[in-house]
Amino acid sequence: MNYRRAAMIGILLFAGMAQSQASDSLAQSRPYFSSLTASGRVLTPRLSANYLYCLQSTNYGVVESSLGHLAHLKLQRPEENVDCMKSEIDKLALFGPTPQIRYKAYLASLVFDSPGIFARVSIPECSDCDQFFQALSGALHGVLEADKGRKFVMAE
């Protein structure tokens with residue numbers, strides 16, 4: 001009886017691991033962001049309201065994902081008017097509930113303020129939101145390193 005129970009548990013564990021690996025490989029093969037190559041307006045008023053709602057969510061994962069999607073949208077379609085969310089992103093950069101949200105909101109805010117910085121580098125396809133923000137951070141670091149030798153003049 002114990003042998004049967006142990007064998008059944010082993011089979012169930014093996015099946016669960018196989019299914020988990022299959023779903024992980026499926027998730028890795030699909031890009032995190034959808035393609036924005038279609039012409040026309042991407043951000044409708046209803047979608048804007050949904051993004052604002054997500055940015056104000058108490059679920060930190062929802063907030064981080066929304067920040068990533070909005071930054072990606074601004075990078076892919078700079079002509080798209082997503083500036084209605086800029087004040088909420090700036091507020092999250094200053095007063096976000098976690099350091100991760102504040103940092104990601106800061107990076108998203110940089111994308112909104114200076115999309116030209118990120119236009120000079122290519123952001124690879126990412127399989128999740130964290131990878132996207134790591135790529136943004138790396139791109140920003142690369143641009144700052146390249147500009148290290150330049151002399152800047154402060155505006156008066």
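The numbers here are math on the coordinates, done by the rules we state, and not lab data. Source: prediction; values computed, not measured. Positions of Cβ are backbone-derived with ideal geometry, glycine not excepted, and every protein chain shown enters the neighbour counts.
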Two-site label geometry, residue 59 and residue 134: point separation in nm, points 7 Å out along Cα→Cβ
2.4 nm
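Quick one: 132, 118, 112, fewest Cβ neighbours within 10 Å first, how do they rank?
Details: 132 26, 118 21, 112 18.
Least crowded to most crowded, the residues run 112, 118, 132.
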Mean shadow area of segment 43-146, taken as a quarter of the surface of its Cα convex hull (nm²):
6.2 nm²
